[in-house]
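The values are calculated or read from the model by the stated rules, or taken from the named source; none is laboratory data. Please read all numbers here as calculations on a predicted model, not as lab measurements. Cβ sites come from the backbone with ideal geometry, for glycine too, and all protein chains shown count toward neighbours.
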Amino acid sequence: MEKVVASPREWIDRNESAKAMLARVLTARPLLLLPPLHRVPLRVGNVVELVGTSSSAKTQILIQAAVSCVLPKEWNGVYYGGLDRLFCLNFLGSIKKIDQEHMDFDLWNNDTKKNPTYDEELYSLCMRRFLFIRCYDSFQFLATLKTLHYRIQKEQELHGISVHILMIDGIGAFHWIDRASTFMPLGATNRKTPSLQTVSETVVQEIRKLLLLHPMLVIATKATIFGDRYSMTETKRNLGKLDASNSRSISSTSLQLPYREYMPSVWQTFVTHRVLVGASDDPLIRTNDSDRSLYFSEWLLPPQSFVDKFIVKEAGVFMVP
Amino acid sequence: MAPLKYLEQEYPILDSNFRNFCATHGIFSEQQSTSERLKQGITQVLSIIDGQHQPWLNGMELLEDAQLNKHVLSTGCEGIDLLLQGGLRMGQLTELVGASSSGKTQVCLLATSNVAKKHMDGVVYLDTGNSFSPQRVIDFIRQNPDPAIDQAKHRILQKVMNRILCHSVFDIFTMFDVLHQLEVNLRSQMQKGDCQVRLLIVDSISSLVTPILGGGGSQGHALMTSAGFLLKKLAHEHNLVVLVTNHTVGGEGGISKPALGESWKSIPHVRLRLSHDQGSSIYNVSVLKHPSMASGKAARFTIYD
């Protein structure tokens with residue numbers, strides 16, 4: 001109290017100008033603009049959910065984000081916590097290819113003088129920044145989250161840079177197993193019985209605690225498990241004719257969600273951004289050498305009125321105008 | 001995970017003082033503890049929790065593992081091998097979807113004979129509908145005669161067939177038993193260096209899962225997803241190729257779609273759709289889902305009698 005009274009003038013003097021503050025915040029916490037999520041800038045502390053049926057390029061988008069994060073231009077590290085990894089190993093083969101393309105491009109933009117060719121040292125440095133774990137059930141996932149803080153501390157000391165993204169591939173992977181689990185606690189009755197609700201609450205709590213200590217961007221993918229049935233009847237009712245399109249794709253009607261939300265409300269309120277991705281009904285695009293599937297991405301939260309289209313190539317995800 | 005007091009026998013540092021401290025403060029607060037013993041206790045608990053999950057890997061280690069261990073196994077069928085850029089990959093769960101008599105079991109038997117003969121690895125075949133035919137496997141083996149082995153034909157044939165283990169399973173719980181037993185065997189096999197099991201086939205998984213799905217409860221789906229995860233875990237940890245077959249059901253507008261529903265869709269790594277032209281021996285295979293290929297790519301192949 002004495003300090004404030006003694007120098008009230010200091011108290012009302014500004015600490016820094018708005019320009020200086022913006023400059024500081026934008027360098028310390030950069031915005032992330034990744035295709036196809038570039039419509040809404042993402043910052044640390046955001047929790048993004050990518051929803052889509054299976055085979056709708058969700059994991060491709062994650063890998064794209066991972067690559068742009070580990071490359072030195074960003075100077076950040078990535079954590080990838082997989083819930084029973086769906087595509088990890090095969091994607092490693094294509095990560096190598098993606099890295100080559102991206103690295104060629106980014107080395108070009110780098111200040112330091114380097115050969116714009118494949119640099120082994122840079123490649124291994126980037127690959128080491130990418131941390132990965134696979135979980136086969138909810139307990140393993142929870143155990144990982146609980147020990148993540150110490151792991152991050154160790155890695156930060158090792159690499160000297162901070163973690164920027166936490167990725168969870170398949171947040172709903174254990175939904176059915178948790179829903180059906182009826183655990184009988186032996187002995188002590190004051191412990192929580194594991195159920196879908198408590199697991200989700202604990203997951204959200206742990207991630208919140210982590211975000212306090214290590215500000216990160218959280219990206220989670222979620223596969224729809226009731227999607228098709230719901231949307232197909234919707235289109236039938238609206239259009240009055242049978243939709244004979246490819247059953248992989250789901251498109252949203254203007255008012256309702258095209259899929260049924262199955263995550264508990266504690267997770268739904270935790271999510272700050274939501275994107276729907278899926279395979280588009282349009283025919284395959286012919287690029288130079290092979291056919292490519294066209295995908296669409298639509299922002300559900302914050303809701304946008306347009307739908308982006310993108311394709312997935314060897315070098316990554318590219319927007320289609 | 002056991003409550004702390006049961007861990008005291010194993011880890012004596014977690015005595016009642018430590019437990020009282022934890023009860024009042026919460027375990028996740030290393031900064032608050034001042035005494036050395038409490039710090040040690042916390043480290044001990046953390047290492048116990050760390051042992052509960054899989055080890056962390058970084059990108060380089062993943063890449064090394066993929067390059068060293070996760071090779072590609074040829075199926076013996078050129079069309080499929082070409083489509084899959086070499087064949088079935090170890091560590092992945094591949095699903096063959098098709099209507100009845102679209103060639104799923106034939107492809108499984110062909111892959112069995114190829115792996116047992118050319119790659120000289122063990123095969124475990126879980127048969128749910130008595131469709132495993134040893135005679136057909138022998139026909140496939142005999143199709144590409146190797147002049148060097150013609151002399152000792154019978155003995156070689158016996159050796160090859162000895163590498164194939166066929167189990168009849170008629171419900172999902174038996175399958176779980178067999179898979180758990182296989183897991184135990186594989187762990188001990190790693191030290192022996194015997195004929196390594198490389199291919200695990202479940203023909204067909206849909207006939208095991210379909211009777212328990214539905215009815216509004218979630219037990220059926222839970223069993224299905226845990227079976228899928230167990231197969232993927234076996235594939236990854238023991239570097240196996242896991243091949244399962246699935247049938248089709250009617251979908252919207254009369255178009256058939258794979259059975260087992262939406263939740264199963266995201267479990268296999270690779271999904272292939274087989275179909276068969278009536279009366280001919282030409283089969284069509286197309287990619288429904290693949291981690292590094294656009295879906296829709298197709299190929300044709302023939303299986304000779």
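Of all the criteria given as (1) within 30 Å of A:Tyr136 (Cβ to Cβ); (2) surrounded by 23 or more Cβ atoms within 10 Å (Cβ to Cβ), the one not satisfied by B:Thr105 is (2).
Against the test of being over 23 Å from B:Ser281 (Cβ atoms) and either among the hydroxyl-bearing types (Ser, Thr, Tyr) or free of Cβ contacts under 8 Å to residues at least 60 places away in the same chain (or both), the options B:Leu93, B:Leu57, B:Leu73 yield a single qualifying residue, B:Leu57.
With respect to the stated conditions, B:Leu57 fails to be within 12 Å of chain A (Cβ to nearest Cβ), among the hydrophobic types (A, V, I, L, M, F, W, C) and surrounded by fewer than 16 Cβ atoms within 10 Å (Cβ to Cβ). For the stretch A:148-176, which residues satisfy the criterion of being of a type in the set (Val, Ile, Thr), surrounded by fewer than 21 Cβ atoms within 10 Å (Cβ to Cβ) and in contact with a His (Cβ under 9 Å, 6 or more places away or on another chain)? Within the stretch A:148-176, A:Ile152 is the sole residue that qualifies.
Hey, does the stretch B:206-226 have a residue that's crowded, with 22+ Cβ neighbours inside 10 Å, more than 8 Å from chain A (Cβ to nearest Cβ) and hydroxyl-bearing (Ser, Thr, Tyr)? Yes; the residues of the stretch B:206-226 include at least one that is crowded, with 22+ Cβ neighbours inside 10 Å, more than 8 Å from chain A (Cβ to nearest Cβ) and hydroxyl-bearing (Ser, Thr, Tyr). What about B:His236, is it within 9 Å of chain A (Cβ to nearest Cβ), surrounded by 17 or more Cβ atoms within 10 Å (Cβ to Cβ) and within 27 Å of B:Phe173 (Cα to Cα)? Yes.
Within the stretch A:126-157, being more than 22 Å from A:Ala65 (Cβ to Cβ) and either more than 8 Å from every other protein chain (Cβ to nearest Cβ) or free of Cβ contacts under 8 Å to residues at least 24 places away in the same chain (or both) holds for A:Ser138, A:Gln140, A:Leu142, A:Ala143, A:Thr147, A:Tyr150, A:Gln153, A:Lys154, A:Glu157. From the list A:Arg14, A:Arg39, the one residue that fits, being at pLDDT below 75 and in a loop (DSSP other than H, G, I, E, B), is A:Arg14.
Taking (1) touching a helix residue (DSSP H, G or I) at 6+ places or on another chain (Cβ under 7 Å); (2) buried (at least 22 other Cβ atoms within 10 Å of the Cβ); (3) within 19 Å of B:Gly98 (Cβ to Cβ) in turn, B:His247 satisfies each apart from (2).
Annotation: of all residues in the stretch B:239-250 being over 18 Å from B:Phe176 (Cα atoms) and assigned to a loop (DSSP other than H, G, I, E, B), the one that is nearest to the other protein chains (Cβ to nearest Cβ) is B:Asn239. Scanning the stretch B:68-83 for residues that are within 13 Å of another protein chain (Cβ to nearest Cβ) and more than 19 Å from the chain's Cα centre (by Cα) returns a single hit, B:Leu83. Considering the stretch B:251-305, the qualifying strands (runs of 3 or more DSSP E), each wholly inside and each with 2 or more residues that are buried (at least 19 other Cβ atoms within 10 Å of the Cβ), within 13 Å of another protein chain (Cβ to nearest Cβ) and within 21 Å of the chain's Cα centre (by Cα), run over B:270-276, B:282-289.
Give the residue, chosen from A:Asp282, A:Asp291, A:Asp228, that is within 14 Å of chain B (Cβ to nearest Cβ), modelled with pLDDT under 50 and surrounded by 13 or more Cβ atoms within 10 Å (Cβ to Cβ). Within the list A:Asp282, A:Asp291, A:Asp228, the selection yields A:Asp228.
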